[in-house]
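K.L.:
Sharing a structure below in structure tokens format, with a few things to ask.
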Amino acid sequence: MSTAYPTDGERLWASLMEMARIGATANGGSCRLALTDLDRDGRALLAGWARDAGCTMTTDAIGNLWIRRPGSDDTLPPVVMGSHLDTQPNGGRFDGVLGVLAGMEVLRALDDHGITTRHPLELVVWMNEEGARFSPPMMGSGVWSGAFDAEAVRATVGQDGARLGDELDRQCWNGDTPADHEQTPKAAYFELHIEQGPVLEDTGCPLGVVTGAQGQRWYELTLTGQSAHAGPTPMRLRRDALVGAARIVELVHRIGLEGGEDACSTVGILDVSPHSRNVIPGEVFLTADLRHPDDATLDALDRRLRDEAATVARDAGLELNLREFWHFPATPFDPALVDRVRNSAEGLGIPAMDIVSGAGHDAVYVAKVCPTAMIFVPCEGGISHNEAENITPDDAARGAAVLYEAVRETAI
Ligand SMILES: [Zn+2]
């Protein structure tokens, strides 16, 4: 099937399988934690391919690797493709890797067709996307786009006690190129990624045109009642914090269910104290996570949570402390680039649907400072961050072909 495409699906798949040998795990996954020697080996493999394709390379000051193919007007800002090569400890073979190696396939295919684009092209490998060894995630794209301070990132201590800055120095990933979007402006950024959710597979659609990323609001709630003996305290006199918490769990679930197709809501943590089987819980701590791709709707969900949780607490005779822990605004992608992705899929005869990203990606930071679009391909069972993560060669081939067309159209 991939023979109808401008890109070579078999070559892409062979590259994916070769990369997967670096840090291969017992159950068929990959382990290349950020800034480890295995991460370095993965980059070295890619760098060899890039060199063979006649590209130049630089590493910026925070360890992002930039591979460059000159344009016919090399003074123009580059059109960029990219993603990440680092993985979770028991990660899969495709999360991030697909976007990088499909970008490599685009560069190779342009060579095959003898095409020189007007804009230069760049393929970026972002430093520490996963956030597994050094937290938080998406550090390289976060610094480049100005969301994170480079010195604070360098000072981060990993789970193994290593300091990120020392690891950058050790790997010689502390390059001279500034990790700064203002000093290195780009014309556009495209990222192909596995969906990491079940929607495309469930819909039977092979390609997702990502219109943006969900906004997120995270909360911490503490309900305080009165802890007392489970026997002598009559029901009508109780101030049971867990009963209030149970109603709030139900409320949060309902807010997501009733918030429209794209709303998500989750309670992930519940700490009951004193956590004894014969004591009425006096205090409960819980978290809530609300998500929606539209900020106005997310604001409405926020108001509903605050109003109705207050009512729940009052009715149960409890004190409620509700604190917003984190807020990440919704990120719509660039409409013209999103259209280009959609048209590219149509031109190639690949059925596609609009989809919103529920997970964080480098593209979400990049979109704050540069026109950005993403392409999703299905992953088996929606499973990722797992050795069992899987896609088909046809999925990969379709994603790369759409990436090629969208990039060529933008850079020509
Ligand atoms: Zn990823």
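The values are calculated or read from the model by the stated rules, or taken from the named source; none is laboratory data. Only a predicted model underlies this, so the values are computations on that prediction, with no experimental measurement involved. All Cβ positions, even for glycine, are placed from backbone atoms using ideal geometry, and neighbour counts span all protein chains on display. Just so you know, the surface numbers come from the protein's heavy atoms only, side chains and all, with ligands and any DNA or RNA stripped out. Shrake-Rupley method; radii C 1.70, N 1.55, O 1.52, S 1.80 Å.
K.L.:
Would you mind getting me the FRET efficiency between Leu76 and Thr287? Use the beta-carbon distance for r and R0 = 51 Å, nearest 0.05. Don't skip to the end; give the middle numbers.
P.N.:
Numbers: r = 46 Å, r/R0 = 0.91.
The formula returns an efficiency of 0.65 here.
K.L.:
Continuing with this model, one more query. Pulled fully out, how much extra length does the chain show between Asp307 and Met353, if you take 0.36 nm times their separation in residues and subtract their Cα-Cα distance? Could the numbers behind the result be given before it?
P.N.:
Details: separation 46, 0.36 × 46 = 16.56 nm, distance 3.57 nm.
That works out to 13.0 nm of additional length.
K.L.:
I want to check the label-to-label distance for Asp202 and Asp394. Put each point 7 Å from Cα in the C-beta direction and report it in nm to one decimal.
P.N.:
It works out to 2.2 nm between the two label points.
K.L.:
Also: With runs of 4+ DSSP H residues as the only contributors, calculate the mean residue ellipticity of the chain at 222 nm using -39,500 (n - 2.57) per run, divided by the residue total and rounded to the nearest 500. Intermediate values should be presented prior to the final figure.
P.N.:
Values: 12 runs with 142 residues, N = 412.
Estimated from H runs of four or more residues: -10500 deg cm²/dmol.
K.L.:
Taking only protein heavy atoms into account and a 1.4 Å probe, give the accessible area per residue of segment 216-328 in Å². Mind dumping the intermediate values first?
P.N.:
Working: 6280 Å² over 113 residues.
Value for segment 216-328: 56 Å² per residue.
K.L.:
Let me ask another. Could you order peptides 75-83, 98-106 by the average number of other Cβ atoms within 10 Å of their residues, highest first? Intermediate values should be presented prior to the final figure.
P.N.:
On the way: 75-83: 21.8, 98-106: 28.1.
Averaged packing, sorted descending, gives the order 98-106, 75-83.
K.L.:
Just by accessible area at a 1.4 angstrom probe, what is the order of Lys368, Lys186 from largest to smallest?
P.N.:
On the way: Lys368 100, Lys186 35 Å².
Solvent-accessible surface, decreasing: Lys368, Lys186.
K.L.:
Ok, one more. With each label point set 7 Å from Cα along the Cα-Cβ vector, what nm distance links Ala152 and Ala296?
P.N.:
About 3.2 nm, to one decimal.
K.L.:
Now for a different question. Per residue of segment 73-90, in order, report the coupling 6.51 cos²θ - 1.76 cosθ + 1.60 (Karplus, θ = phi - 60°) as ³J(HN,Hα) in whole Hz, putting x for Gly and Pro.
P.N.:
3J(HN,Hα) across segment 73-90, in whole Hz: 10, 6, 7, 6, x, x, 8, 10, 10, x, 4, 9, 10, 6, 9, 6, x, 10.
K.L.:
Among Gln214, Gly282, Leu242, which residue has its Cα furthest toward the positive end of the charge dipole of the chain, with +1 on Lys/Arg Cβ and -1 on Asp/Glu Cβ?
P.N.:
Highest projection toward the positive end goes to Gly282.
K.L.:
Separate question: How large is the dipole of segment 216-328 about the Cα centre if only Lys and Arg carry +1 and Asp and Glu carry -1, each at its Cβ, rounded to the nearest 20 debye? Provide the component values of the computation, followed by the final result.
P.N.:
Details: 13 positive and 18 negative charges, 131 e Å.
With only Lys, Arg, Asp and Glu charged at Cβ, the dipole is about 640 debye.
K.L.:
How much length is gained on full extension from Asp334 to Arg236, taking 0.36 nm per residue of separation minus their Cα-Cα distance?
P.N.:
On the way: separation 98, 0.36 × 98 = 35.28 nm, distance 5.67 nm.
Going from the current span to full extension adds 29.6 nm.
K.L.:
Might you tell me the accessible area per residue for segment 32-79, computed with a 1.4 Å probe and given in Å²? Numbers along the way, then the final one.
P.N.:
Numbers: 1840 Å² over 48 residues.
Value returned for segment 32-79: 38 Å² of accessible area per residue.
K.L.:
What is segment 70-209 by shape, rounded, prolate or oblate, if you read a ≥ b ≥ c off the alpha carbon gyration tensor as root eigenvalues and call it rounded for a/c under 1.5, prolate for a/b larger than b/c, and oblate otherwise?
P.N.:
Working: a/c = 2.09, a/b = 1.17, b/c = 1.78.
Since a/c reaches 1.5 but b/c is at least a/b, the shape of segment 70-209 is classed as oblate.
K.L.:
Could I ask something else about it? In nm, what is the difference between 0.36 nm times the number of residues separating Asp262 and Arg323 and their Cα-Cα distance? Each step should come with its number before you reach the end.
P.N.:
On the way: separation 61, 0.36 × 61 = 21.96 nm, distance 2.39 nm.
Full extension from Asp262 to Arg323 adds 19.6 nm.
K.L.:
Next up: I need the peptides 38-45, 193-200 ranked by packing, meaning the mean over residues of other C-beta atoms within 10 angstrom, with the highest value on top.
P.N.:
Values: 38-45: 19.6, 193-200: 21.6.
So the order, starting with the most tightly packed, is 193-200, 38-45.
K.L.:
For the chain, with all protein chains present and a 1.4 Å probe, just round the carbon and sulfur fraction of the accessible area to a whole percent. Intermediate values should be presented prior to the final figure.
P.N.:
On the way: 8500 of 16980 Å².
Ligands and nucleic acids excluded, carbon and sulfur reach 50 percent.
K.L.:
Which of the three applies to the chain, rounded, prolate or oblate, going by the alpha-carbon gyration tensor with a ≥ b ≥ c and a/c under 1.5 meaning rounded? If you can, show how the numbers build up before the last one.
P.N.:
On the way: a/c = 2.24, a/b = 1.88, b/c = 1.19.
In terms of gyration-tensor shape, prolate.
K.L.:
Same structure, new question: Compute the FRET efficiency between Ala26 and Ala53 as 1/(1 + (r/R0)^6), taking r as their Cβ-Cβ distance and R0 = 35 Å, and round to the nearest 0.05.
P.N.:
Working: r = 33 Å, r/R0 = 0.95.
After rounding to 0.05, the efficiency reads 0.60.
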